[in-house]
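Below: the structure, in structure tokens.
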Ligand SMILES: [Zn+2]
């Protein structure tokens with residue numbers, strides 16, 4: 001993995017490269033970021049940078065023996081541990097499955113990884129055997145390079161076994177670099193957190209998600225921004241949405257539906273309700289979630305909090321339209337009404353009719369506030 005293969009995040013990449021150039025790479029780092037923030041691919045690419053034998057001004061050369069091995073995640077001195085199923089299963093036992101999964105999707109989530117291991121409902125963990133193996137290996141000489149790197153993905157899954165690693169994290173063997181990765185700090189031993197240099201990753205900026213979707217999925221910028229907004233900084237989620245057939249993207253049907261509702265275009269609503277119903281129940285829930293997010297944005301704006309810059313052009317226009325026509329009370333009623341839709345859909349209600357009932361109600365509320373205003 002190389003930094004160039006990871007979209008955006010240039011601030012983090014620059015910072016990490018600088019620590020290498022200035023020879024102040026901490027021996028124990030904790031990459032802490034929410035799902036889809038790129039912590040794992042960044043750690044893997046950082047390992048490549050650190051191991052490169054002829055780094056240039058742009059960082060890792062990509063052609064030295066070390067870079068060539070790291071391009072396939074196969075450098076003998078770059079190790080990785082992650083949660084596995086079963087008390088005796090070490091990461092090395094399932095490394096090929098992991099490599100395949102990571103190659104296919106560098107933004108792989110823990111849920112994806114457990115699914116690849118066919119975990120069903122079994123609990124995964126980084127077990128005692130794995131920790132002992134790690135300590136033994138780090139005490140030995142490195143195989144090829146002058147340094148050793150150990151990445152621990154899902155450090156939360158160490159549980160109390162993490163105690164075994166405390167000494168190694170505090171006083172690592174010479175030229176050993178440990179990179180722990182976690183979504184949630186609260187599930188980590190505080191003694192581990194305090195021994196690591198923390199690198200906090202924020203969710204992806206929407207513009208970087210948009211640019212990636214435009215470049216890699218041939219999406220229109222406006223559409224890509226819409227998905228970026230819906231994904232809320234989670235690149236994994238955004239890629240998932242972008243990979244689906246465009247007509248299957250429930251969130252995108254929210255904007256026309258809401259617009260027709262505000263305009264009172266009944267015939268268009270009836271037609272659109274049919275398309276939304278065809279998406280199926282799970283997608284309708286996404287549609288509801290997107291609608292809720294949109295109404296929340298509208299409500300915040302009414303209260304004077306401006307967060308609209310993250311919306312697409314079409315979204316911005318609709319927001320302005322809604323701002324002129326809707327009072328705070330009406331927006332709140334709509335939010336409550338649409339939240340109920342999710343549970344009604346669960347109970348096998350007819351989606352088309354549920355949507356039509358909402359349209360009729362919302363039209364009444366809109367007309368009501370107009371008559372109040374006029375009086
Ligand atoms: Zn190199």
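The values are calculated or read from the model by the stated rules, or taken from the named source; none is laboratory data. These figures come from a predicted structure and were not determined experimentally. Cβ sites come from the backbone with ideal geometry, for glycine too, and all protein chains shown count toward neighbours.
Taking the range 127-155 as the range and being buried (at least 19 other Cβ atoms within 10 Å of the Cβ) and not in a loop (DSSP other than H, G, I, E, B) as the test, the residues that pass are 130, 131, 134, 148, 149, 150, 151, 152, 153, 155. Of all the numbered requirements in (1) outside any helix (DSSP H, G or I); (2) buried (at least 20 other Cβ atoms within 10 Å of the Cβ), residue 158 misses one, and that requirement is (1). Only one of (1) more than 16 Å from the ligand (Cβ to nearest atom); (2) in a helix (DSSP H, G or I); (3) over 26 Å from residue 211 (Cα atoms) is not met by residue 15, so which one is it? Residue 15 satisfies all of (1) more than 16 Å from the ligand (Cβ to nearest atom); (2) in a helix (DSSP H, G or I); (3) over 26 Å from residue 211 (Cα atoms) except (3). Just one of (1) farther than 21 Å from residue 235 by Cα; (2) in contact (Cβ under 8 Å) with a residue 40 or more places away in the chain; (3) away from the ligand (no atom under 16 Å from the Cβ); (4) assigned to a loop (DSSP other than H, G, I, E, B) trips up residue 29, so point out which. Condition not satisfied by residue 29: (4). From the residues in the range 105-125 that are in a loop (DSSP other than H, G, I, E, B) and at pLDDT 90 or above, which one is farthest from residue 35 (Cα to Cα)? Only one residue fits best here, namely 117.
Just one of the listed residues (343, 371) is under 32 Å from the mean Cα position of the chain (by Cα) and surrounded by fewer than 16 Cβ atoms within 10 Å (Cβ to Cβ), and it is 343. Against the numbered list (1) within 20 Å of residue 320 (Cβ to Cβ); (2) surrounded by fewer than 19 Cβ atoms within 10 Å (Cβ to Cβ), residue 240 comes up short only at (1). Taken over the range 69-91, the residue count meeting the criterion of being more than 26 Å from the chain's Cα centre (by Cα) and either assigned to a helix (DSSP H, G or I) or within 16 Å of the ligand (Cβ to nearest atom) (or both) is 4.
For (1) outside the structural domain of residue 135 (by TED's automatic domain parsing); (2) buried (at least 22 other Cβ atoms within 10 Å of the Cβ); (3) within 18 Å of residue 175 (Cβ to Cβ), each residue gets a yes or a no:
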position: 8; (1), (2), (3): no, no, no
position: 14; (1), (2), (3): no, no, no
position: 17; (1), (2), (3): no, no, no
position: 28; (1), (2), (3): no, no, yes
position: 46; (1), (2), (3): no, yes, yes
position: 70; (1), (2), (3): no, yes, yes
position: 74; (1), (2), (3): no, no, no
position: 83; (1), (2), (3): no, yes, no
position: 89; (1), (2), (3): no, no, no
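Across the range 43-68, the qualifying residues are those that are more than 8 Å from the ligand (Cβ to nearest atom) and touching a helix residue (DSSP H, G or I) at 6+ places or on another chain (Cβ under 8 Å), and the one among them that is nearest to residue 149 (Cα to Cα) is 47.
In the range 30-42, how many residues are out of contact with any helix residue (DSSP H, G or I) (no Cβ under 8 Å at 6 or more places or on another chain) and crowded, with 18+ Cβ neighbours inside 10 Å? Going through the range 30-42 one residue at a time, the tally reaches 1.
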